[in-house]
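Heads up: the structure comes next, in structure tokens.
The values are calculated or read from the model by the stated rules, or taken from the named source; none is laboratory data. Fair warning: this is a prediction, and the values are worked out from it, not measured in the lab. When we count neighbours, we look across all protein chains shown, and the Cβ atoms used for this are built from the backbone with ideal geometry, even at glycine. Note: areas computed on protein heavy atoms with side chains; ligands, DNA, RNA excluded. Shrake-Rupley method; radii C 1.70, N 1.55, O 1.52, S 1.80 Å.
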Amino acid sequence: SDHMENIYGYLMKYTNLVTGWQYRFFVLNNDAGLLEYFVNEQSRHLKPRGTLQLAGAVISPSDEDSHTFTVNAASGEQYKLRATDAKERQHWVSRLQICTQHHTEAIGKNNPPLKSRSFSLASQGSGSSPGVQRRPSQNAVSFFNVGHHRLSTGKRVPILQPDHLVDVREMMSQAEGQQRDLIRSIECLPVSGHLTSLDQDLLMLKATSMATMNCLNDCFHILQLQHASQQKGSLPAGTTINWLEPKIPLSNHFKNGAAQNFPAEINKPASVREEQCIAEPCQLTREPEEINPDEELEDIGDDKEDNVGAVEEQRSVILHLLSQLKLGMDLTRVVLPTFILEKRSLLEMYADFMSHPDLFIAITNGTTPEERMIRFVEYYLTSFHEGRKGAIAKKPYNPIIGETFHCSWRMPKSEVAADTASNLPAHSPSEQVTLSKDLEGQTESDYYTVKFVAEQVSHHPPVSGFYAECVERKMCVNAHVWTKSKFLGMSIGVTMVGEGLLSLLEHEEEYTFSLPCAYARSILTVPWVELGGKVNINCAKTGYSASINFHTKPLYGGKLHRVTGEVKQNTTNTVVCRVQGEWNSMLEFTYSNGETKHVDLTKLLVTRKRVRPIEKQGPFESRRLWQHVTESLRDGDIDKATEHKRALEERQRNEERLRAETETPWCTKYFLKEGEGWVYHKPLWKAVSAVQAQQTDTN
């Protein structure tokens, strides 16, 4: 083939966190099916610094930019490479894929099917790691044959008869049994020594065997649907072919080695620790507690999540976890390893979206419905940047049912925009000082107070409710969010199901809004966060609406974190404002009068939230509840953090089991179920209505 020529040239290769990216001279040897690299072109006649067998490899363009791609060999070794531009990347990727396909097919042609056999690693307990046992000349053929079970191929039949489906099911059952034996043999190995359960090759073998069986089960499901359609003439109306749940229970794979860091829910209870010694729910008051803002102190914590060291060090654990997952799988009940966690609860993350209270309060100061809608869009788009703690994608703690978080912000009235002439404040980083110093010596009338409360109202499904209000400006926001996470291959997607309601009581206006989806990309290398999806903001009374699109990065070219949107007057279908830019850096607003405003989100003033000291918090308040996990993560003690996290999760399971046995329903503390949503028990609109009704009666 014309495409099978040898190619060579310089590429950047990622080495490690210390060395970073380095230029290396790469050679694609099509005849041998090898990708080799040298320090430079002049050393090409010397022994290669590294070599990858391409048979069975996976060549993947990265989704983090248009220049990077990875070569994942069947041996488990990975090269992360970067070309000078998108065109050069495409050239290398296409040639590598052609070479890989050619040599992978050659393996199948040159090696007849093996007889059915069960490969037992237990009998090789005294042997060394497969990576040590392989001879230098050994190619990928031997790797594929480890624990491999091929079904003999018979003559293709035009129409699959019922007895053939039975035969296929029987053979697949045998294969599933052998795959379980293989997994069990690997997991029975010790965690240290020459041949361990965490050997890179064995982890890759677990992952590929699991993926193969899941794929075969999906194919069998499709065959069954096709057979049913042949019997009836066509598929029933509305029939869909979905990803199936894994046929091999997840819990069977979380038993030994590093996997103990994230046990499945049916694992035996952990030993009783301090987290489990908190009084039972029946001994705790579920009466709403009024938090005194004067007891809250300015938050001095600054847990940025820019350290990728733990992720790099625990790559084998990530591989093990991925070997248990399946495309489209719901991750709600999968307990993730501790080292990928942020040092805060999801409830506190929702509070951090309110880090620009000046912009929030300024919404109601708009003099016209159009201006108030635009101000809400401006606030909405500036809230996501501060909600993230650094560029690295880490996961906040999953709140346990009944967990709460309280905080507040104090905002000098002089800092809040009063009219259209007031632009969004843009301060340099040196000017991003906290506002508490400005508040010293001021009376209560000199500042606005925004109060926030969040509660985990449901465990399955995981639903959070949060509420914020500014009494002085007669405005509040109420929202409920159900987080649905799914495994997408090299990414994890989180859908934020729910709705928020902003009430401007002074204007008798209500604005409904939704939240975008979030994605953790490149989870095997350096994970990063991306937002995606379309959200809508509507005000039924005024007839104004906004449509905002968070764009995920396309496969080739394009910018990261791009967002576009427009504000409309629905009656006239007139666009009164357009916005474009990046949700984590720069936004450009263009108004109907032709004026343009640029907002640099990295320079916006951030107001630190005020939180009660841990010793004054209740046992179910987020920071007190997770304090030992957070302290261990700060100290870098992953094992200790895992113990505390497991104790909390086990206590939650025990309490849930007890409620089920006694048929005791869970009672929320601050939020009430109304229809499909959750509403704060004492919203500001009820208080204002009561005052107005009292005044009417008095008059």
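Using a ≥ b ≥ c from the Cα gyration tensor of region 587-682 (square roots of the eigenvalues), is it rounded, prolate or oblate, where a/c under 1.5 gives rounded and otherwise the larger of a/b and b/c decides, a/b for prolate?
On the way: a/c = 2.78, a/b = 1.54, b/c = 1.80.
Oblate.
Subtract the Cα-Cα distance of residue 15 and residue 637 from 0.36 nm times their separation in residues, and report this length gain in nm to one decimal.
Numbers: separation 622, 0.36 × 622 = 223.92 nm, distance 2.57 nm.
So the chain would gain 221.3 nm between residue 15 and residue 637.
I want to check the label-to-label distance for residue 220 and residue 600. Put each point 7 Å from Cα in the C-beta direction and report it in nm to one decimal.
6.1
Under unit Cβ charges (Lys, Arg +1; Asp, Glu -1), what dipole magnitude, rounded to 20 debye, does region 7-107 have relative to its Cα centre? Please report the intermediate quantities before stating the final value.
Working: 10 positive and 10 negative charges, 60 e Å.
So the magnitude is around 280 debye.
Please get the size of the charge dipole for region 530-595, origin at its Cα centre, with Cβ charges of +1 on Lys and Arg and -1 on Asp and Glu, quoted in debye to the nearest 20. Could the numbers behind the result be given before it?
Numbers: 7 positive and 5 negative charges, 38 e Å.
So the magnitude is around 180 debye.
Take the Cβ-Cβ distance between residue 667 and residue 171 as r, set R0 to 41 Å, and report the resulting FRET efficiency rounded to the nearest 0.05. Mind dumping the intermediate values first?
Values: r = 52 Å, r/R0 = 1.28.
The value I calculate is 0.20.
Kindly sort 223, 54 by accessible area of their heavy atoms, largest first, with the probe set to 1.4 Å.
Working: 223 65, 54 0 Å².
I get 223, 54, largest accessible area first.
On the protein heavy atoms, probe 1.4 angstrom, tell me the percent of accessible surface of region 7-107 carried by carbon and sulfur. Could the numbers behind the result be given before it?
Numbers: 2330 of 4630 Å².
That fraction is 50 percent.
Given 0.36 nm per residue, what is the gain on full extension from residue 689 to residue 297 after removing their alpha carbon distance, in nm?
On the way: separation 392, 0.36 × 392 = 141.12 nm, distance 3.18 nm.
Result: 137.9 nm gained on full extension.
Roughly how much of residue 171 is accessible, in Å² to the nearest 10, using a 1.4 Å probe?
Residue 171 has an accessible surface of roughly 70 Å² with all protein chains in place.
Work out the FRET efficiency for residue 22 and residue 188 from their Cβ-Cβ distance, taking R0 = 45 Å, and round it to the nearest 0.05. It would help to have the intermediate numbers written out before the result.
Working: r = 40 Å, r/R0 = 0.90.
Once the sixth-power term is evaluated, E becomes 0.65.
Say the cut-off is 20 Å between C-alpha atoms; which of 80/343; 541/669; 13/47; 568/597 go over it? Walk me through the numbers on the way to the answer.
Details: 80/343 29 Å; 541/669 32 Å; 13/47 18 Å; 568/597 18 Å.
Pairs exceeding 20 Å: 80/343; 541/669.
Leaving out ligands, DNA and RNA but keeping every protein chain, what accessible area does residue 640 have, in Å² rounded to the nearest 10, with a 1.4 Å probe?
100
Leaving ligands, DNA and RNA out of it, rank 635, 167 by accessible area with a 1.4 Å probe, largest first.
Numbers: 635 125, 167 75 Å².
Descending order: 635, 167.
Could you state how much accessible area residue 197 has, in square angstrom rounded to the nearest 10, with a 1.4 Å probe and all protein chains kept in place?
10
Over what distance in Å are the Cα centres of region 452-483 and region 56-91 separated?
So the separation of the two Cα centres works out to 43 Å.
Looking at this model, which pairs from 394/486; 206/645; 451/616; 394/640; 486/534 are more than 22 angstrom apart at the alpha-carbon? Before the final figure, lay out the partial values.
Working: 394/486 15 Å; 206/645 27 Å; 451/616 17 Å; 394/640 19 Å; 486/534 18 Å.
Among 394/486; 206/645; 451/616; 394/640; 486/534, the Cα-Cα distance tops 22 Å for 206/645.
Compare 356, 67, 480 by solvent-accessible area with a 1.4 Å probe and give them largest first, with all protein chains kept in place.
The most accessible residue leads, giving 67, 480, 356.
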